[in-house]
Amino acid sequence: MVRENFSFETKLIHNQHSVDPWTGAVSVPIQHSSTFHQGDFESFGKYDYSRSGNPTREALEETIAHLEGGVKGFAFSSGMAAISTAFLLLSKGDHVLISEDVYGGTYRMITEVLSRFGVEYSFVDTTDLGKIESNLQPNTRVIYVETPSNPLLKISDIKGICQLAKQHNCLTFVDNTFLTPALHRPLELGADVVLHSATKFLSGHSDVVAGLAVVKDPELADKIGFLQNTFGAVLGVQDCWLVLRGLKTLHVRLRQSQESARQIAAYLTTVPEVTDVFFPGLKSHPGRRLHEEQAEGPGAVLSFSLKDARAVKTFVEELRIPVFAVSLGAVESILSYPSKMSHGAMPVEEREKRGIHDGLLRLSVGLERAEDLIEDFEGAFAALKRESQELGAWNRGAI
Ligand SMILES: *Cc1c(COP(=O)(O)O)cnc(C)c1O
């Protein structure tokens with residue numbers, strides 16, 4: 001029983017898959033079968049082989065399609081599998097235009113794999129519609145956007161980009177990992193394909209690697225369905241269930257983490273050791289107004305800059321609460337170091353050109369108490385200050 005007028009929070013709990021029609025179970029059954037008996041010699045049933053379709057996977061795929069406002073969803077074995085499969089819509093000689101500070105794995109897929117198959121690409125600052133327009137080529141088939149971008153949280157105008165894409169007869173892909181449909185629904189703004197690393201906020205507990213794609217056009221859905229089945233990077237049923245379980249608390253997790261992120265971002269702007277804070281919820285963020293028009297909140301990821309790699313090392317070693325790791329969007333706060341982690345795949349010159357320097361840290365705020373996180377940060381900044389004072393004294397010859 002799907003009631004379209006439910007609010008997003010309620011849809012997370014009450015949707016087509018909230019009650020199993022066979023048993024009344026309120027948790028989606030995990031169907032481990034790889035193959036399905038065909039009772040009728042002449043006509044086959046809905047399911048035949050689990051790569052092509054499985055009831056547990058279908059529950060997740062229908063749920064994400066419902067939440068994103070699309071016609072069909074697809075579940076993959078990772079975010080990169082979802083992104084790479086969507087890129088298989090391209091053919092030799094096609095051109096793709098991509099956000100400059102895109103996820104490192106996406107950068108690698110485009111520059112080192114698609115390029116070998118004759119797909120051309122341009123990286124563009126997608127916050128600037130003029131730059132997009134001037135970089136469109138007659139063979140541009142896809143504009144690929146991340147907003148907020150990773151790791152500098154730059155905001156791109158999805159509606160404006162989709163309009164340009166339509167005029168040039170190309171598709172718009174949006175990686176919605178950072179905001180999720182709880183805060184941002186790109187299909188409603190005109191995008192054609194929404195992609196997710198469901199490893200992050202959607203599942204939310206750092207216990208599963210998964211990817212999703214959602215489309216709103218039935219013809220495009222058929223094409224992606226064909227590619228999903230052909231390439232075969234589907235998500236296993238246990239993992240589908242983990243994502244489904246995580247989704248039920250998406251809204252409360254994100255709301256809480258976002259609130260803490262606001263507090264932490266505001267705090268960071270007052271710290272002398274921090275040279276920059278990037279967070280679309282800050283008044284000083286250049287994309288803030290645009291972001292507020294197209295999304296329902298800034299999300300729970302922010303970045304900030306320290307002086308250099310040495311300062312980062314001291315700071316990270318002093319912290320006790322956040323885990324120091326790749327990934328984001330989890331119950332635990334995750335501090336990561338883009339230049340060595342998510343963007344380690346990017347050549348140094350490319351990285352620095354994009355502003356991803358050695359002093360930059362990215363924080364994904366979890367569900368710890370914000371005051372505890374701030375206190376932890378204060379301790380680490382105090383250590384940084386002591387270190388720089390000692391260094392100053394040393395340089396002056398006082399030690
Ligand atoms: C993590 C991430 C990906 C890749 O997803 P995996 O599940 O790790 O394959 C893609 N885009 C963004 C924005 C991400 O954060």
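The values are calculated or read from the model by the stated rules, or taken from the named source; none is laboratory data. On a predicted model such as this, the values are computed, not experimentally measured, just so you know. Here Cβ is always computed from backbone atoms with ideal geometry, including for glycine, and neighbour counts include all displayed protein chains. Side chains included, ligands, DNA and RNA excluded: accessible areas come from the protein's heavy atoms. Shrake-Rupley method; radii C 1.70, N 1.55, O 1.52, S 1.80 Å.
Among the residues of this structure, I30 does not count as one that is in the same structural domain as P148 (by TED's automatic domain parsing), within 20 Å of E146 (Cα to Cα) and either crowded, with 20+ Cβ neighbours inside 10 Å or not small (G, A, S) (or both). Taken over region 13-63, the criterion of being of a type in the set (A, V, I, L, M) and touching a Ser or Thr at 6+ places or on another chain (Cβ under 8 Å) is satisfied by V26, V28, I30. For region 209-230, the set of residues classified as open to solvent by 30 Å² or more (accessible area, probe 1.4 Å) and over 19 Å from G105 (Cβ atoms) consists of K216, D217, P218, E219, D222, K223, F226, N229, T230, listed by residue number.
Annotation for region 153-170: no member residue is assigned to a strand (DSSP E or B) and modelled with pLDDT of 95 or more. Regarding E146, is this residue over 29 Å from T230 (Cβ atoms), of a type in the set (D, E), crowded, with 20+ Cβ neighbours inside 10 Å and within 16 Å of the ligand (Cβ to nearest atom)? The answer is no for E146. Residues of region 176-191 that are part of a helix (DSSP H, G or I) and either more than 13 Å from the ligand (Cβ to nearest atom) or on the phi < 0 side of the Ramachandran plot (or both): P181, A182, L183, P186, L187, E188, L189. Residues in region 326-338 that are more than 13 Å from the chain's Cα centre (by Cα), within 12 Å of the ligand (Cβ to nearest atom) and modelled with pLDDT of 95 or more: I334, S336. Anything in region 193-208 that is open to solvent by 20 Å² or more (accessible area, probe 1.4 Å) and at positive phi? List them, or say none. Correct list: S206 only.
A search for C-beta distances below 6 Å between a residue of region 192-207 that is more than 9 Å from the ligand (Cβ to nearest atom) and any residue that is open to solvent by 30 Å² or more (accessible area, probe 1.4 Å), counting only pairs 6+ apart in sequence or on different chains, returns D192/L171; S203/L242; H205/V331. Restricting attention to region 62-108, report how many residues are within 16 Å of the ligand (Cβ to nearest atom) and either more than 17 Å from E219 (Cα to Cα) or open to solvent by less than 20 Å² (accessible area, probe 1.4 Å) (or both). Number satisfying all stated conditions: 29. Can you tell me which residues in region 3-23 are open to solvent by less than 40 Å² (accessible area, probe 1.4 Å) and not charged (D, E, K, R)? Those that are open to solvent by less than 40 Å² (accessible area, probe 1.4 Å) and not charged (D, E, K, R): F8, L12, N15, S18.
Residues that are part of a helix (DSSP H, G or I) and β-branched (V, I, T) were ranked within region 250-282; the one that is least open to solvent (accessible area, probe 1.4 Å) is I264. Any residue at all in region 182-195 that's closer than 23 Å to S50 by Cα, in the same structural domain as N54 (by TED's automatic domain parsing) and not basic (K, R)? Checked region 182-195: at least one residue is closer than 23 Å to S50 by Cα, in the same structural domain as N54 (by TED's automatic domain parsing) and not basic (K, R).
In region 380-397, is there at least one residue being charged (D, E, K, R), within 27 Å of S149 (Cα to Cα) and surrounded by fewer than 17 Cβ atoms within 10 Å (Cβ to Cβ)?
no
Could you tell me whether region 374-396 includes any residue that is modelled with pLDDT of 90 or more and not in a helix (DSSP H, G or I)? So far as region 374-396 goes, no, none of its residues is modelled with pLDDT of 90 or more and not in a helix (DSSP H, G or I). Residue selection: H343 fails the criterion of being open to solvent by less than 30 Å² (accessible area, probe 1.4 Å), closer than 27 Å to A210 by Cβ and in a helix (DSSP H, G or I).
A Cβ distance below 8 Å, combined with a sequence gap of six or more or placement on separate chains, defines the contacts here; from region 142-160, residues that are within 16 Å of K353 (Cα to Cα) reach residues that are modelled with pLDDT under 95 and of a type in the set (F, W, Y) in the pairs N150/Y103.
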